[in-house]
Structure formats: C-alpha cells, structure tokens
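The values are calculated or read from the model by the stated rules, or taken from the named source; none is laboratory data. Because the structure is a prediction, the values reported are computed rather than measured. Positions of Cβ are backbone-derived with ideal geometry, glycine not excepted, and every protein chain shown enters the neighbour counts.
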Amino acid sequence: MNDNNIENLQEKLEAVAWKWWFSIVFVLIQLIPSYTSKGYDSWRMGEVIGIILQNAVISSFETWYPIFKLIPIILVALMVLRVRGISRLFNIYVGVSYILFAFLQHVAFTEEYGFSVVMSNLIMLLVVAAAWFWDVLAQKNELTMVKEQMGKYWVIPLAFLAFWYPLNPDTFMPDFNPIYLFTNSAGLTFCMMTPVYLSILILHYPQINMVTLRVTGLAGIIIAFYNILLNFVMYPDLFWWNGVLHIPLLMISGFALGLKQTTKKEKNP
C-alpha cells in the first residue's frame, strides 16, 4: 500500500469515526452473546460473564506481570528522550497489548461452562488493537512532541494511579505498596493500561492518529461504565476501592472522546 492510498484510507476512517452511528456500533457490540462450550440459558448471560472474568486465564500468567510493567516504563522513557522510531515501536507494543487483553482477560476454562469467551469484549478489544496497528502504517502518532498545554497534564497523576493499581489482591482494600509499580497484573489489563495509553495520545494531541484515539476512547468509556456500575452500585462494600481505581479510565476516556477532530492544518502546522 503506497503513501497516497494510506492517506486516503486514513481520511475515510476519520470521516467514519465521527459519524453519529459509529459510537452506536460500539455499543451494539455489547449485545454479542458470550460463548461457552457447555452452553447456558440466555437469561444467565450476566452471571456467565462474571464467572468468565473471575476465572480468566490471565491468572496463569503471573510470572509475566513484571515484564509488562517494565516495558511501558522503558517506552515512556524513550519518548522523553525522543528516541527515533519510538512512535512506531510504541504503536506495535500497544497493539499487541490489546490482543493480550482481549484473550487473557476474556477467556476462561471453568468446570460449569467449559471453554468460555466474553465475545463482546474480545471483539471490541481486537478492533482497538487494529486501530493501533493501523497507525504503524499511517504514522500519525508523533510521540516525542509534547505540546505545552498545562490543561492536559491532569491526566498524568490519574494514569500513574491506574498503572500503580495500589490494591491489596486479598482484601481489595487500598494498599500503596510501591512494589506494585513493578509486580501486579495492571500491565496486562485493559482497565489500567488504557488510561496510560490514552494519556500519552492526549499529551501529544493534535499530533496523533485521531482514529486510534477515538476507537480506544469508545472502548474505554464502555468498559468504564460497566466497572463503575459493578464496583459502586452492585458491590460497593467490597469493591469500592477498585471502583476508585477505575475512575481514571472513565475520566480519561471521556476526555479523549471530547477532543475535537483535527484538520490537516492542525496536524501539520
């Protein structure tokens, strides 16, 4: 695909991403039923999703958690140092991350339901992954050119809180142990890493791929809504702190969706 074809497709994708029905399509993805090899009654769908998420295969990859904490730290450091080629490398890493989020967090093997998949979230996260891989070709993300706009810096502490994820895994209560910055599962979870990835795009706006921003923001706001409902409405006594730690996802995703579509002049001042 030559540069002209890539640019033309980018313009078409941007046009589609701001259509009123584009957001509705993302919401409708949530209606896709979950799959289980042993089947289930449709009225138990909510319960099935909960069981899949609680037993997701991510727990089997605990030894990998530190690796997926260190890599984002290294990538951000390379951005600060303005290392050549970091934007493309970052896009690839984030795209791979969303594929991992899709499968590790939404696939489970349970005695009651057998092999099970939350198909709605898996499909939505694969779409997000595709949006990041697309910018490997489009190269709209210029992630070493932070513009001095103080009004955007509020995303940094929220993204840091999500990345740290200071929660005791046994009690679900606050636990600000600094070791969690390097050891917990946050680096392999959609809800904790999406605020980080979106914050990086926001800090570099408008020198970014707006399609990537919008697709990621839509997925973020949808999943944030579910988590706020679960943690603050359904199980507030047990999960209230987990709910607090999902506020960065809600706020940063909402802010990302509020950024206006850039023009060619804004992209190439």
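Criterion first (surrounded by fewer than 16 Cβ atoms within 10 Å (Cβ to Cβ), outside any helix (DSSP H, G or I) and not aromatic (Phe, Trp, Tyr)) does residue 88 satisfy it? Write out each step before concluding.
Details: surrounded by fewer than 16 Cβ atoms within 10 Å (Cβ to Cβ): yes; outside any helix (DSSP H, G or I): no; not aromatic (Phe, Trp, Tyr): yes.
Spelling it out, it is not the case that residue 88 is surrounded by fewer than 16 Cβ atoms within 10 Å (Cβ to Cβ), outside any helix (DSSP H, G or I) and not aromatic (Phe, Trp, Tyr).
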message: Here is a check on your reading of the model: is residue 137 within 24 Å of residue 191 (Cα to Cα) and either free of Cβ contacts under 8 Å to residues at least 40 places away in the same chain or not in a strand (DSSP E or B) (or both)?
response: no
- request: State whether the residues of the range 40-62 include one that is of a type in the set (A, V, I, L, M), under 25 Å from residue 230 (Cβ atoms), more than 19 Å from the chain's Cα centre (by Cα) and in a loop (DSSP other than H, G, I, E, B).
  value: no
query: Among the numbered criteria (1) aromatic (Phe, Trp, Tyr); (2) surrounded by fewer than 22 Cβ atoms within 10 Å (Cβ to Cβ); (3) within 23 Å of residue 153 (Cα to Cα), which single criterion is violated by residue 232?
result: (3)
- request: Kindly indicate which of 161, 201, 143, 181 is crowded, with 22+ Cβ neighbours inside 10 Å, in contact (Cβ under 8 Å) with a residue 60 or more places away in the chain and part of a helix (DSSP H, G or I).
  value: 201
Failed criterion for residue 122 (all others in (1) modelled with pLDDT of 95 or more; (2) at positive phi hold): (2)
Counted residues, the range 12-35 - those being among the charged types (D, E, K, R) and surrounded by 12 or more Cβ atoms within 10 Å (Cβ to Cβ): 1
